[in-house]
Structures are given as C-alpha cells and as structure tokens.
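Report on the following structure.
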Amino acid sequence: MDNLTNKEYQEYAKKKVPKPNYLKNSIRAFFVGGTICLIGQIIRNGLFRFGFDEKAVATGTAIIMVFLGSLLTGLGIYDKIGKFGGAGATIPITGFANSIVASAMEYKREGYIFGVAARMFTIAGPVLVYGIGSSIVVGILYLIFTAGR
Amino acid sequence: MEYITAFIVGGLICVVGQILLDTTSLTPAHIIVTFLMIGVVLGAIGVYEPIAEFAEAGATIPILGFGYSLSKGAIEGAKAKGVIGAFAGGLESTAGATAAAVLFGYIISVVSYPKSKS
Amino acid sequence: MAIKRIGNRTIKFQNPPSIIGTSSIVGPKEGDGPLRSYFDLVLEYDTWGQKSFEKAEAKMQEEAIKLAIKNANLSVNDIHFLISGDLLSQIISSSYTAREIGIPYFGLYGACSTMTESMSLGAMIIDGGFADYVVCATSSHFSSAERQFRFPLEYGAQRKFTSQWTVTGAGATVLSAKGEGPYITYITPGRIRDYGITDTSNMGAAMAPAAVDTLLNHFKDTGFTPMDYDLIISGDLGLIGRRIVIDMMQKEGYDLSENYTDCGIKIFDTVEQDVHAGASGCACSAVVFNGYVYKEILKSTFNRVLVMSTGALHSTTSSLQGESIPGIAHAVTIEKSI
C-alpha cells in the first residue's frame, strides 16, 4: 500500500460505496415536495376566499407555511419528514423555517443572545445574504438596461 | 385542477433537488442557496412568472419562488422609486415571510427542546 | 535502550498489565442492539436527567469510571492516573469528569481512537513502573457530537448512505501492575494516514488506510498472522471501511475474512436500526471492548484479541476549509493468559 497514491485510493474508495437508490429517493422527494405545495395551494385558495388580493395572499400563504414548518420542527416532526423526503422537505419554504428553528433551539443552552438569536441563521443566513444581495443587483441591472428608454 | 398542477410542479422541482443531493457532494444548504439564486435569475429574465401563474403554490412554495419574489420585488421597486426601490423592493416583497420566520422561529425555539433521536 | 520495542513500531510488554475491571454504559438505542446483555447499564433516556447532552455525556463518563473502579474492587484513591478523552471541543466531557474524580489526569484527543490510545499509554505507564493502577476512559454522545460535527438535531437533512451513527455511551478500563489477566501484551501505535478523503460522511473510507497500515506493521513486528487471533476488531470503520480493510489486506497477503469485524458493525443491527454504514464515536470501540469483548475473553470464548480503535482527526474548521481527514489506528493485543 506504500505506493498507493491519493488519487488511486480515492477512486478505489469510491467504488466501495454503494450507489444511493436514485429512483426511490426521487419518488419520495416528489411525493413530499408535492404534498407540501398542495397544502400551500389549499391555504392560498382559502385566503382568496376571504377576499384578499394576490399580493396579500402570496404573503399570507408564505407566513402560514413558515409557521407550519416552524411548528413541526418544534414538535420534533419535521426532521422525520426530511429524513423520508430529502429535498422534498428541504426545498419548500417550510424547509427554510425548519433550518431556522432547528439551529435556534439546538443552541438554547448557550443563552438567548449568543445561543438562540445568534445561531438562528447559521443555515438560513446564506439564503438571506444571497437572496437579498442578488435582488438588489437585479433591481440595479433593471435600471441600467431600461435607462435609455 | 390547480391542486394537481401545484402538486406535480412542486414535486418535480424537489426531484431536481434530490437528484443533485444524491449525485453531487452538495449539502442541503448549498442546494437551497443554488435554487434560490436560480429563482432570482429566472424571475429577473421573466421566465418564472408564467410558471408561477400556471402552477401557483407549486412554484411559489419551493425556495425558487422566494428568489422569484425577491427579484420581482426589486424590479417593481426600481420601476417605482429608482435606485432606492431597487434596494428596498426585494426585501419588501418578501418581508412577510422573513419576519414570520424570525418571530415564529424565536418563539418556537424558546418553548421547545431538541428531542433525542433514534 | 528501548528494550521493550520489537520491530519498527510495536511494543512488547515485559510485565504485561492486567485488565482488572471494565465498565460500559450506553444509551437506549445502543441498548436495543444485539449487544444489550453485555452492557453494565442501559440508560432509559439519553439525557440521564441532565440539562444538556454535554452534561449527560460527562455524567456517563464519570459513572463509567466509578463503575470500572468498583468492578476492580478498588476505590478512586487507589488509582494513580486517569487517562481519557472524547470528541467535544477541548475534550470537555473528560475534563469535567476528571474534575469530579479528582485524581491526576491526562487528557487525550484521539477522536474515536481514544480507547486504545489511552490503553496503550496506560499500559506503558504501568510497565514502566510509574503507576500501579491506571484507569482509561472515553465517551461520546450522538446528540452532542451531531450538533458539533454535523447539523442540528431537528434539521430535516437526509443522512448519506455512507454516514455512521455516533454511539451514545461511555466505557472505562482499569489497568493494574498485578493481576491474573486478561493482559495487554503488545501495542502497535498508529501513524496518521491520509489519502485525501474529504467527505466527512464517509469516515470509514478515510480511516481504513490507517487501520491497514497499523495491521501490516503489527503482523510484521510481532510475527503473528491473522489466524493467531481469535478476534481482530477495529473501532468504527463501519460497513464500508471494513470492506476496504479486508480487501486491502488481501492484496498484501493477509486473509482477514474469517475473524475480523468492526465494533461499529457489532453494536447495532445495521439493517433494522437505520444506522446506515454502522456506528462511530469514541464510545463505539469503548463499549464494545469493555462490554462484549472483555466479557467474552473472561468466558474464554476468545483467548487472544487484537483491538484497534480508529480515529478521524479532522475538525469542523478543517473540513470547512476543504482539508482532508487524517486517519489513525492504535492496535492493542489482549491475551487471556501468558
């Protein structure tokens, strides 16, 4: 083994790893992600029935979904949904809420400033940074491209 | 009808994420940020709007939709108030969800504890 | 003159220390596994009435040490040194335990190789005539390790197929200058092997070359063959690491297929208990050795055993910075009689 190079070993080790069951994982992700969006649609239609306009409905749906994601995380259920559904639980906005609550409650022992509040965005922080940052770029680019008109 | 399209489109978006998770070494955090950025870009070039109109919650509940409303808000802000609007618009349009995440996140973290896993 | 050394890397003890007492404490999931009856204590709740998982881990280690000393029919003040370590940053579980135990203490960081690392050092201290009694201990806790090395507990991420489940538990071993065995007769300390594996959810593959390196040197130095052992057991290589070790040893001309296994495979039912590639953690080899292996040696099921805890010596910082995982493996030979 003394003449084994890093690259050779990495190739070799890769062969020893069984492949994940792509089909099963994808079906589960489809089912879980689809169901979460379906619940979102039910909330959305319900809010329309209360007579809110499109903007209010979009915001209201997002708020309720975030609440549900947070609640299920607090009850210790969302990680099980995630374990089963993989990306199906991560990609919907409920997954964003899950990452916030999971980080915050994990660090409660470290206090409410450096624990809960500071750790809240360890996983979700990048979403806000890249999301808000890029939206500003988009807004400025829009101004530049439409400046001549 | 819109229930079925929401289910299928939302499900398919998640399948793309799952395939990325299974075939690359990206973590869920990488996938979320990537999808968000795709949403911002697709929103900016006007591709996401028709998808969102067609699939409704199927397109807005996935994190792509968050990116879409960020860029849509920034463009609308820029239209209405220029540079200031470009800065504020994205956050304004997603302020509800972000604020809810902070408040609910805090309250729920305060009242609950992580459970032992098995 | 280092008269106790043989070959390149191995030490042969002139006055082999005896293992006169052991203990193992595990969490509920480990207690549901196939080795349940071998553990001294199976906890009903893995928090054990403590306010945090870290405190629960320290309590497990403290109780394990006290229990091992009791099982050796000694009292804490008879022990000359405590040698211990764990996975948490600055090895807090061990240091807070040492605070309660109150005897001279050497803290180690060997990650999951801590059990045989501490036993190796303890055996040398005793054979060197520096102590009559030494206690070696380590602990790990799924929930404290998970948040330090991976994600928060309630985060809905899927575990990769190659990932391993950190054992919740603690084990302690009391070594004595006098006694009727089982004896520690040889040790082969490991050197770091790192073949550039960066995937922290595939530790088995990262540590396997270190295990192979230690095994090769052990056999070369001692003249033993795998068949001279009733059992060869590595620490926490899991299903993938074990497969790699058997395969690489085969290429070097050693057949391990008969009597080699891994603590990370033994402790859980890897099919039923959803632990993916097996178990890991300091406590993995600690509880399997101090529970299962030791008790089977006493029953004479095994007369000569090679225990080799394996460690992945990376940190969260190093892996975020893209550094690869340095692996290590320390081998200890335990014989029923000499």
Assuming a ≥ b ≥ c are the square roots of the Cα gyration tensor eigenvalues, decide whether the range C:54-126 counts as rounded (a/c under 1.5), prolate (otherwise, with a/b larger than b/c) or oblate. oblate
For the A:Tyr22, B:Thr34 Cβ pair and Förster radius 22 Å, calculated FRET efficiency rounded to 0.05 is 0.70
Which of the pairs C:Lys29/C:Lys70; B:Lys117/C:Lys266; A:Lys108/C:Lys59 have their Cα atoms more than 22 Å apart in this structure? C:Lys29/C:Lys70
DSSP bridge pairs, the range C:17-176: antiparallel proportion in percent, nearest 5: 55
I'd like to compare C:122-129, C:69-76: which one has the highest average count of other Cβ atoms within 10 Å, and what's the full order after that? C:122-129, C:69-76
What does the C-alpha gyration tensor say about the overall shape of the range A:16-123? Classify as rounded when a/c is under 1.5, otherwise prolate if a/b is larger than b/c, or oblate. oblate
Partner shielding of C:180-191, taken as the mean number of other chain Cβ atoms within 10 Å, equals 0
Suppose only helical runs count, i.e. DSSP H with n ≥ 4. What mean residue ellipticity at 222 nm does that imply for chain C under -39500 (n - 2.57) per run, divided by all residues and rounded to the nearest 500 deg cm²/dmol? -9500 deg cm²/dmol
Solvent exposure of the range B:2-111 as accessible area per residue, Å², 1.4 Å probe: 41
Taking every DSSP beta bridge with both residues inside the range C:182-338, roughly what % is antiparallel (nearest 5)? 70
Within 10 Å of each Cβ in B:78-87, how many Cβ atoms from other chains are there, averaged over the peptide? 4
Give the residue list of trypsin sites (Lys or Arg not before Pro) in the range C:281-338 that are DSSP loop and have at most 12 other beta-carbon atoms within 10 angstrom. C:Lys299
Around C:Tyr294, what is the net charge, scoring Lys/Arg as +1 and Asp/Glu as -1 over all other residues with Cβ under 12 Å from its Cβ? +1
Averaged over peptide A:114-125, how many Cβ atoms belonging to another chain are found within 10 Å of each residue's Cβ? 3
Extending each Cα 7 Å along its Cβ direction at C:Asp78 and B:Val111, get the distance between those two points in nm, one decimal. 5.4
Out of C:Ile83, C:Ile240, C:Ile25, any idea which swings most in a Gaussian network model of chain C, alpha carbons joined below 10 Å? C:Ile240
Listed by chain and number, the lysines with an alpha carbon less than 17 angstrom from that of C:Lys220, same-chain partners under 8 positions apart left out, are C:Lys4, C:Lys12, C:Lys251
So which helices of chain C fit the span-like rule, where a helix is a whole DSSP H run, its Cα atoms reach 27 Å or more along the axis, and its mean Kyte-Doolittle is at least -0.5? C:203-222
Picking from C:Gly235, C:Gly49, C:Gly171, which is most flexible by a Gaussian network model of chain C using Cα springs under 10 Å? C:Gly49
Once amide H atoms are placed 1.01 Å from N in the peptide plane, what residues at a sequence separation of 5 or more from C:Tyr229, or on another chain, have their amide H within under 5 Å of its amide H? none
Cβ-Cβ cut-off under 13 Å around C:Lys59, Lys and Arg +1, Asp and Glu -1: the net charge is -3
Global form of the protein assembly as shown, assessed from the alpha-carbon gyration tensor, a/c cut-off 1.5: prolate
With both bridge residues required to lie in the protein assembly as shown, what share of the DSSP beta bridges run antiparallel, to the nearest 5%? 65
Cβ-based net charge around C:Asn202, under 11 Å, with every Lys or Arg adding one and every Asp or Glu removing one: +2
For a protection proxy built on the mean count of beta-carbon atoms within 10 angstrom, sort C:189-197, C:26-34, C:276-284 highest first, please. C:276-284, C:26-34, C:189-197
Taking the mean number of other Cβ atoms within 10 Å as a proxy for protection, how do you rank B:87-94, C:162-169, C:216-223 from highest to lowest? C:162-169, B:87-94, C:216-223
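The values are calculated or read from the model by the stated rules, or taken from the named source; none is laboratory data. Nothing here was measured: the structure is a model prediction, and the numbers come from that model. Cβ: placed from backbone, ideal geometry, glycine included. Neighbour counts: every protein chain shown. Surface accessibility is based on the protein's heavy atoms, side chains included, excluding ligands, DNA and RNA. Shrake-Rupley method; radii C 1.70, N 1.55, O 1.52, S 1.80 Å.
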